[in-house]
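The values are calculated or read from the model by the stated rules, or taken from the named source; none is laboratory data. This is a predicted model, so every value here is computed, not measured. Neighbour counts run over all protein chains shown; Cβ positions are idealised from the backbone, glycine included. For accessibility, only protein heavy atoms count, side chains too; no ligands or nucleic acids. Shrake-Rupley method; radii C 1.70, N 1.55, O 1.52, S 1.80 Å.
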Amino acid sequence: MTDTTPDAALRSGTFTTRSPATGEPLTEHPVDGPEQVARAVARARKVQADWAALPAARRRDHLLRWKRALASGLHTVARTISEETGKPVGDAELEVVLTLEHLGWAARHADRVLGRRRVRTGLFTVHQRASLVHRPLGVVGVIGPWNYPCYTPMGSVGYALAAGNAVVLKPSELTPATGVLLAELFDKAVPAYAGLLTTVTGAAATGEALARSGVDKLAFTGSPGTARKVMAVCAETLTPFLAECGGKDAVIVTADADLDDAAAAIVWGALSNAGQTCAGVERVYAVREVHADLCARVVERASALRPGADDDAAYGPMTLPGQISTVERHVTAAVMSGARSLLGGPESVREPYVAPVVLTDVPEDAAAMTEETFGPVVAINAVNDVDEAVARANDSRYALGAAVFCGDRRTGAAIAARLRAGAVSVNSVLGFAAVPALPFGGSQDSGFGRIHGAEGLRAFTSVQSTTVQRFTPPIALTSFEVPAAARERAVRLARSLHLRR
Ligand code: NAD
C-alpha cells in the first residue's frame, strides 16, 4: 500500500500540498535539502553584491516595480493564499493589500532610515567628523508560517531587500506556492536582479538547512517551540536570529467603553482567519459593570457567523490539521474546570471547521488562558477594575499584541502604556499591523526583535561608525608623545566639567 502521509511525501523528494477544506491535492514542490539550499544562498549572494552597490533610489524603483507587479497580480496571489490556507478570498485580498502597504513603505523609507547620518562629537573629539551608516548584512534567510503566507514573511522579505540584502525564503510546507509566486513576480518585475529573492521549499529539514547555510541573519516566524530549535542551530555559527512567535493577546474593556464597538472588534479579532492570527484576540478582561452586557453583544454577533468554504462563510477551515486537537483540548479542559460556555463548546469542533466558541469565567490557569489556542475561541472574564485587568493581561508568558477599549482616548493610551505587549491598539484591534511605520514584535515566548518600520529596516543591517579627523588636535591625547603635564590639564578640565553637568 502506498504511504500518502505528509511525512512520507516529504522524504520522497517532492511533496504535494492539499486544500485544508477538501483535502484535494493542490501543487507539488521539491523537498530542498542542504545542497539545494546552499546553491540558492550562493546564487543570492552573487546577485546581492550588485544590488547593494546600487544607489538607494534605484533599489527603491526596482522594489516599487515589484510592488506594482504584486498589485496587478493581486487576485492571483489572493487565490493562491486562499487555496493553500482555506481562508476566504476576500481575507486573502486584504492580506495582499496590507503587504503592498508595507512593501511600499520599506522601499520609500530605506534611504532615509539607513543612509549615512552625521552625529555630534564631544569636547575632546571636536577635531573628528563622526557619522554612521547602516549597511546590508548580505543574504537573509526567512522562515515563514502558514497563517498569513504573504503578509508575514514579507514583513522580513520586503524590509531586508529594501535594506540592500538578498533573501532566501522558506515558506511553510503548507503554503509554499504563495512564497514561490512572490519570488516569481520579483524575477519578472526586476529581471536584472533575478535570484535576489529565492524560495526553497520543504519542511523542518529544509528550514534547518537554511539555518546552517551561512546566511547572515535568519528571520523566523512561527511557534516558540520551533524558534528555540532554530535558534539553537543558529547559535552554532553565531548567525544572528530574529524570532516572531505566538501570542495570547488580551483586550481590556473599561466601564465607559463603547460596547458595540468593542464587541464587533473582539469578534473580528478572535474569529477572523479562524482565530489563526498571532496577534488575534484570545483573552478579554472586562470590568464587572459591563461584563454581562459585553458578553451578550459578543455572543449575538458571533452566533451570526459560521465557518465554511462558500461565499457566505465568515472564515474557513483550520489550516493546520494538528491544531484542531489543541483547540478541542483547550475548550474541553476549560469547561471541565468550571468555565461557562456562552456560545458553542467542545461540540463546535467539526473537522476541518471549528464554529465560534465564546467562554466566560475561565480559570486563569486553564490552557485556554495560558497557551496559544490559535482557533476561533475567545474567553471573556470579569475583573474588578482596570488594575486587575492590566495585571491579568500582563500575567502571561506571551507578550505580543493587546487592545484597550475605553471611553476616553487619553485614559485608553495610559492603560496601553501599562501593558507589556509589543504593540497595543486603543479602541480597535490589530490597528498597529496596518501601519507600516510601526515596528511589530514581542518579548518572552512571543519572540524578540522587530519587523516593520524603521526598526524593521535596521534589523537587516549592521551599523558602521566612522570618524574622519578634520585637523590635528592641539593636544593629541591618544598619543605616546603627549607631555604628562598636558594630559593632567586635560583630565582636570574633564573632571571639573563632569562634576558640574
Ligand atoms: P511552526 O513553528 O510549526 O513552523 C514555522 C516554520 O518553521 C515553518 O516554515 C516550518 O517548516 C519551519 N520549521 C519547523 N521546524 C523547523 C526546524 N526544526 N528547523 C527549521 N525550520 C523549521 O509554526 P506555524 O505552525 O507554521 O505557524 C504558526 C505559529 O506562528 C503560531 O505560533 C503563530 O502565532 C506564529 N506566528 C507569529 C507571527 C508574528 O509575527 N509574531 C505571525 C504569524 C504567525
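Considering every residue within the range 233-245, establish whether at least one is at positive phi, under 19 Å from the mean Cα position of the chain (by Cα) and at pLDDT 95 or above. No, the range 233-245 contains no residue that is at positive phi, under 19 Å from the mean Cα position of the chain (by Cα) and at pLDDT 95 or above.
Are any residues in the range 254-270 within 16 Å of the ligand (Cβ to nearest atom) and within 15 Å of residue 299 (Cβ to Cβ), and if so, which ones? Hit for the range 254-270 is 270, nothing else.
Can you spot a residue in the range 216-226 that is more than 10 Å from the ligand (Cβ to nearest atom), in contact with a Gly (Cβ under 9 Å, 6 or more places away or on another chain), assigned to a helix (DSSP H, G or I) and open to solvent by 40 Å² or more (accessible area, probe 1.4 Å)? Checked the range 216-226: no residue is more than 10 Å from the ligand (Cβ to nearest atom), in contact with a Gly (Cβ under 9 Å, 6 or more places away or on another chain), assigned to a helix (DSSP H, G or I) and open to solvent by 40 Å² or more (accessible area, probe 1.4 Å). Restricted to the range 312-326, and to residues there that are touching a residue at least 24 places away in the same chain (Cβ under 8 Å) and of a type outside the set (A, V, I, L, M, F, W, C), the residue that is nearest to residue 85 (Cα to Cα) is 319. Among the residues making up the range 236-253, a single one is away from the ligand (no atom under 16 Å from the Cβ) and open to solvent by 10 Å² or more (accessible area, probe 1.4 Å): 238. Checked across the range 327-343, the condition of being free of Cβ contacts under 8 Å to residues at least 60 places away in the same chain, within 29 Å of the chain's Cα centre (by Cα) and within 14 Å of residue 274 (Cα to Cα) holds for at least one residue. Taking the criterion of being open to solvent by 80 Å² or more (accessible area, probe 1.4 Å), away from the ligand (no atom under 16 Å from the Cβ) and modelled with pLDDT of 95 or more, would at least one residue in the range 443-453 satisfy it? Checked the range 443-453: no residue is open to solvent by 80 Å² or more (accessible area, probe 1.4 Å), away from the ligand (no atom under 16 Å from the Cβ) and modelled with pLDDT of 95 or more. Residues in the range 175-190 include at least one that is touching a helix residue (DSSP H, G or I) at 6+ places or on another chain (Cβ under 7 Å), farther than 26 Å from residue 87 by Cβ, open to solvent by less than 40 Å² (accessible area, probe 1.4 Å) and not in a strand (DSSP E or B). Counting residues in the range 156-163 that are in a loop (DSSP other than H, G, I, E, B), at pLDDT 95 or above and open to solvent by less than 20 Å² (accessible area, probe 1.4 Å) gives one or more. Considering 69, 78, 92, 110, the condition of being touching a helix residue (DSSP H, G or I) at 6+ places or on another chain (Cβ under 6 Å), open to solvent by less than 20 Å² (accessible area, probe 1.4 Å) and either outside any helix (DSSP H, G or I) or farther than 19 Å from residue 148 by Cα (or both) is satisfied by 110 alone.
Checking each residue in the range 194-214 for being more than 14 Å from the ligand (Cβ to nearest atom) and either open to solvent by less than 30 Å² (accessible area, probe 1.4 Å) or under 22 Å from residue 86 (Cα atoms) (or both) picks out 195, 196, 197, 198.
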